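To start, the structure itself, in C-alpha cells.
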Amino acid sequence: MEVTANAAVPEQAGSAAGSPDRRRWWRVLCRDVGHIRRYLTVLVNRDRVVLVGPPGRTVVLSTDGVGELSSALRRAAEQARK
C-alpha cells in the first residue's frame, strides 16, 4: 500500500504563516478496503489534535503508514502545545 505523510510537497501539508516548522495539518495517503485512494488528515485546532478520516470509510495502513501517521500525530501534538 502507498502511504505518505508529512511530505515536503506543499500541497500535502498546511502551515501557519508560511513557516514549515509551524505546520498545522498533515495528509496521510492511504487506501480503503476497496483499494480506493483516500486520505487521513491530522489537524491542529488550538490546543487539540483532530484526526479526520474519509466519511463512512475504513482506512487500511501499511506498517510504514502507521509510522507516518504516528509521526504526524506527534508533530501535531507538539504544535497544539504551543
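Restricting to the stretch 44-58, count the residues that are aliphatic (A, V, I, L, M) and in contact with a Lys or Arg (Cβ under 6 Å, 6 or more places away or on another chain).
Taking the stretch 44-58 and keeping what is aliphatic (A, V, I, L, M), we get 44, 49-52.
Cutting the leftovers down to in contact with a Lys or Arg (Cβ under 6 Å, 6 or more places away or on another chain) gives us 44.
Counting residues in the stretch 44-58 that are aliphatic (A, V, I, L, M) and in contact with a Lys or Arg (Cβ under 6 Å, 6 or more places away or on another chain) gives 1.
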Does Leu40 satisfy being in a strand (DSSP E or B), touching a residue at least 24 places away in the same chain (Cβ under 8 Å), surrounded by 12 or more Cβ atoms within 10 Å (Cβ to Cβ) and out of contact with any helix residue (DSSP H, G or I) (no Cβ under 6 Å at 6 or more places or on another chain)? yes
Pick out the one residue from Leu69, Leu51 that is out of contact with any helix residue (DSSP H, G or I) (no Cβ under 7 Å at 6 or more places or on another chain), surrounded by fewer than 17 Cβ atoms within 10 Å (Cβ to Cβ) and on the phi < 0 side of the Ramachandran plot. Leu51
Only one of these is surrounded by 14 or more Cβ atoms within 10 Å (Cβ to Cβ), at pLDDT 90 or above and basic (Lys, Arg): Arg31, Arg23, Arg57. Name it. Arg31
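The values are calculated or read from the model by the stated rules, or taken from the named source; none is laboratory data. In this text, all values refer to a predicted model and were calculated from it rather than measured experimentally. Backbone-built Cβ (ideal geometry, glycine too); neighbour counts: all protein chains shown.
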